[in-house]
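A.B. asks: Encoded as structure tokens, here's the structure I'll be asking about.
The values are calculated or read from the model by the stated rules, or taken from the named source; none is laboratory data. Treat the numbers as computed from the prediction; the structure is a model and nothing was measured. Reconstructed Cβ throughout: ideal geometry from the backbone, glycine too, with neighbour counts over all protein chains shown. These area figures cover heavy atoms from the full protein model, side chains too; ligands, DNA and RNA do not enter into them. Shrake-Rupley method; radii C 1.70, N 1.55, O 1.52, S 1.80 Å.
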Amino acid sequence: MQNYRNVSKGIFWAGIGAASWGVSDTVLQVLSQNIDIPTLWMLSTRTFFSGLLLLIYNLIVYRKATFKIFKSPIGLLSVISYGIFGLGLNLYTFYLSTQEGNASMATILQYLSPLFIVIGAVAFQHVRPKGTDLISFFLALLGVFCCITAGDFTHLSISFSAFMWGLASGVAAAFCIILPKKANETTPPPIVLGWGTISAALMFNLIHPIWVTPPQVTTTLVASTTCIVLLGTIIPFGLLLHASNFAPSDVVSIMDALEPIVTIILSVIFLHLHVNLIETVGVIIVLVAIFVLQQGRKANG
């Protein structure tokens, strides 16, 4: 009974964490499409304040251990590559996909990241795909096809550029899983995330510093940015770490499926997104495809 209660707690906190990402994604669409701000300025600001808050948290919790990563060249390289080519690239491509399309489709395409990891392993490491990999691949293709056509096979329901940026976001999300693995072997995840976010902040601020051509500061801008920083980084990551204290990692990871679901529901309610039956079926198929992939990988070690 006690173990059941602990797992239930883990599922609850993981669900809240994934749902907060869904809220952040919806707010990001409002910000990117309705407020005239430079894309790179937004990303510079988001990563700067997220990295600063994570650094403060790590200093409080881990103290001097926060800087141990600098004693390991391999670990440091892992963190920096994760920050630039994983986290930074993912934030950039996801923002553009949301700006040119919508948060719902961008989230669904990003959710394909486990599939891109498998495709990468097959293409570059010549790993033989498992049966569940092939099933997941074709299910995902079918699901995405339903989502982007909405049942009308003569045109896309979103722009081609939004679709391609969304796919790129999924690839970058896969990098977010692969690149920090070496650092995660010896360093607590919050520290890896913190220095990775700071690496992304340095990259974005070298390209477009926060103080260069900033947009007009309004209540909407401040509230939206704060929401994205907290609900898009700090709060969900903290809740997922807390959830892992109660439930197994595979159970926690399955709750990630709530992110696209919450994003779609909020988009329908607040952004007047129209989702027909074919699109709904497509979303369900994509979720099933990733679930099958994860379970197949778990069963086969």
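A.B. asks: Taking the condition farther than 16 Å from ALA183 by Cβ and buried (at least 24 other Cβ atoms within 10 Å of the Cβ), does PHE94 pass?
C.D. replies: Yes.
A.B. asks: Okay, moving on. So which residues in segment 262-279 are within 13 Å of ILE148 (Cα to Cα), of a type in the set (Val, Ile, Thr) and either open to solvent by less than 60 Å² (accessible area, probe 1.4 Å) or in contact with a His (Cβ under 9 Å, 6 or more places away or on another chain) (or both)?
C.D. replies: If the condition is that a residue be within 13 Å of ILE148 (Cα to Cα), of a type in the set (Val, Ile, Thr) and either open to solvent by less than 60 Å² (accessible area, probe 1.4 Å) or in contact with a His (Cβ under 9 Å, 6 or more places away or on another chain) (or both), then VAL275 is the only one that fits.
A.B. asks: Just to be sure before I move on: is SER44 more than 24 Å from LEU266 (Cα to Cα), surrounded by 24 or more Cβ atoms within 10 Å (Cβ to Cβ) and of a type outside the set (A, V, I, L, M, F, W, C) in the structure I sent?
C.D. replies: yes
A.B. asks: Of all residues being touching a residue at least 12 places away in the same chain (Cβ under 8 Å) and either of a type outside the set (A, V, I, L, M) or open to solvent by less than 20 Å² (accessible area, probe 1.4 Å) (or both) in segment 121-137, which is nearest to GLY166 (Cα to Cα)? Just the residue, please.
C.D. replies: Among residues in segment 121-137 that are touching a residue at least 12 places away in the same chain (Cβ under 8 Å) and either of a type outside the set (A, V, I, L, M) or open to solvent by less than 20 Å² (accessible area, probe 1.4 Å) (or both), the one nearest to GLY166 (Cα to Cα) is PHE137.
A.B. asks: Shifting gears a bit: Kindly indicate whether any position in segment 285-295 is at pLDDT below 85 and either assigned to a helix (DSSP H, G or I) or among the β-branched types (Val, Ile, Thr) (or both).
C.D. replies: Among the residues of segment 285-295, at least one is at pLDDT below 85 and either assigned to a helix (DSSP H, G or I) or among the β-branched types (Val, Ile, Thr) (or both), which makes the answer yes.
A.B. asks: Can you name every residue in segment 1-59 that is more than 13 Å from THR233 (Cβ to Cβ) and hydroxyl-bearing (Ser, Thr, Tyr)?
C.D. replies: Answer for segment 1-59, where residues must be more than 13 Å from THR233 (Cβ to Cβ) and hydroxyl-bearing (Ser, Thr, Tyr): TYR4, SER8, THR26, SER32, THR39, SER44.
A.B. asks: Among the candidates PHE145, PHE67, which residue alone is assigned to a helix (DSSP H, G or I) and without any contact (Cβ under 8 Å) to a residue 60 or more places away in the chain?
C.D. replies: PHE67 is the lone residue from the list that is assigned to a helix (DSSP H, G or I) and without any contact (Cβ under 8 Å) to a residue 60 or more places away in the chain.
A.B. asks: Here's another thing I want to ask about it. Is there a residue in segment 29-39 that is closer than 25 Å to VAL262 by Cα and without any contact (Cβ under 8 Å) to a residue 40 or more places away in the chain? Walk me through how you get there before you give the answer.
C.D. replies: Narrowing segment 29-39 to residues closer than 25 Å to VAL262 by Cα: 29-35, 39.
In the following step, the residues that additionally are without any contact (Cβ under 8 Å) to a residue 40 or more places away in the chain were identified as 34.
So far as segment 29-39 goes, yes, one or more of its residues are closer than 25 Å to VAL262 by Cα and without any contact (Cβ under 8 Å) to a residue 40 or more places away in the chain.
A.B. asks: Then there's this: Looking only at segment 138-154, count how many residues are open to solvent by less than 50 Å² (accessible area, probe 1.4 Å), over 27 Å from LEU91 (Cβ atoms) and among the β-branched types (Val, Ile, Thr).
C.D. replies: The number of residues fulfilling the criteria is 1.
A.B. asks: Examine segment 182-201 for a residue that is open to solvent by 40 Å² or more (accessible area, probe 1.4 Å), out of contact with any Ser or Thr (no Cβ under 6 Å at 6 or more places or on another chain), assigned to a helix (DSSP H, G or I) and of a type in the set (D, E, K, R), and state whether such a residue exists.
C.D. replies: For segment 182-201, residues open to solvent by 40 Å² or more (accessible area, probe 1.4 Å), out of contact with any Ser or Thr (no Cβ under 6 Å at 6 or more places or on another chain), assigned to a helix (DSSP H, G or I) and of a type in the set (D, E, K, R): absent.
A.B. asks: Say whether the condition of being open to solvent by 70 Å² or more (accessible area, probe 1.4 Å), more than 15 Å from LEU193 (Cβ to Cβ), touching a residue at least 60 places away in the same chain (Cβ under 8 Å) and outside any helix (DSSP H, G or I) is met by at least one residue in segment 104-112.
C.D. replies: no
A.B. asks: Looking at segment 216-253 only, could you name the residues that are among the β-branched types (Val, Ile, Thr), outside any helix (DSSP H, G or I) and either under 15 Å from ALA19 (Cβ atoms) or open to solvent by less than 60 Å² (accessible area, probe 1.4 Å) (or both)?
C.D. replies: THR218
A.B. asks: Next question, about the same structure. Within segment 161-177, identify whether any single residue is more than 18 Å from the chain's Cα centre (by Cα), more than 28 Å from GLN294 (Cα to Cα) and touching a residue at least 12 places away in the same chain (Cβ under 8 Å), and answer yes or no.
C.D. replies: yes
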